[in-house]
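This report concerns only the one structure given below.
Computed from the coordinates by the stated procedures, all read-outs in this text should not be read as laboratory data. Remember, it's a predicted structure, so these values are computed and weren't measured experimentally. We place every Cβ from the backbone using ideal geometry, glycine too, and count neighbours over all the protein chains shown.
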Amino acid sequence: MCRSALTLLGCGGEFDSLGTVEVPAARYRGADSARLQHFNIGNGRMPKEVYLAYGYVRKAVAVVNTRAGRLPGWKGDLIERVCDELISGRLDQEFPLYVWQTGSGTQSNMNVNEVISNRCIQLVGGALGSQEPVHPNDHVNMGQSSNDTFSTPMHIAAYTMATERRSRRSNGSATRPGASGPRPRKPELLWTHPSTGAPEVPNGEMWWSSPGVGRSSW
């Protein structure tokens, strides 16, 4: 069953700048996400860790833009709430895209924005796909370029996957990546240059601090 922008029972589809496209009624993902499922090359899907990391990025964006007065407080709080759901793994099934997409990660970025938007809309009793009152680009993404954001969750995801693997080896555990259980702490200091994506900190040194993981300099 597909949904339209007005009802969960129709099959008209969601809309974006290219027009309308059918989207499964039971999913939070939207038009951009649906279009990219046609790029089903091979079996390599974007790692879930990338999307969980994007949850931290989108939450930080909501906090900053709310404090700056660019985003109404109630919308910011709503987006933060849904980002916490994303980070916890509750929305893992909403991210079906393959790794074959633009180098800037635009499709995965919009996949995250659409999921957060529709979940926010559902929480306030709106119609999924309506893009009201929380728009995926205008409110969740706040018009950010994927080039300026994708590099950050990419590095956070790499850190998360590496620490999970190291933790399993240290504990002698055979638990598969992404399995249920406590997630490793997010990096205490990690960001990238907005244009180049290069790791950057004020003193020129990049490091992570987490239980079981020593200090690493780049």
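Starting from the exponent 0.38 and prefactor 2.2 Å, build the expected Rg for the range 39-135 from its residue count and divide its actual Cα Rg by it. Numbers along the way, then the final one.
Values: Rg = 13.8 Å, N = 97, 2.2 N^0.38 = 12.5 Å.
The reported ratio for this selection is 1.10.
Give, as a single signed number, the net charge of other residues whose beta carbon lies under 14 Å from the beta carbon of Val63, with Lys and Arg counted +1 and Asp and Glu -1. Numbers along the way, then the final one.
Details: positive: Arg58, Lys59, Arg67, Arg70, Lys75, Arg81; negative: Asp77, Glu80, Asp84.
Summing Lys and Arg as +1 and Asp and Glu as -1 gives +3.
In whole Hz and in residue order, list the ³J(HN,Hα) couplings for the range 84-98 that follow from phi through the Karplus curve 6.51 cos²θ - 1.76 cosθ + 1.60, θ = phi - 60°; x for Gly and Pro.
5, 5, 4, 4, 6, x, 5, 10, 4, 6, 8, 10, x, 6, 8
Quick one: 3J(HN,Hα) in Hz for the range 113-118, Karplus 6.51/-1.76/1.60 with θ = phi - 60°, rounded, Gly and Pro as x.
After applying 6.51 cos²θ - 1.76 cosθ + 1.60, I find 4, 5, 5, 4, 4, 5 Hz.
Which of rounded, prolate or oblate describes the range 99-167 when judged by the alpha-carbon gyration tensor and an a/c cut-off of 1.5?
Values: a/c = 2.82, a/b = 1.76, b/c = 1.60.
Verdict is prolate for the range 99-167.
Please order Val124, Val112, Val57 by the number of other Cβ within 10 Å, starting at the fewest.
Neighbour counts put them in this order, fewest first: Val124, Val57, Val112.
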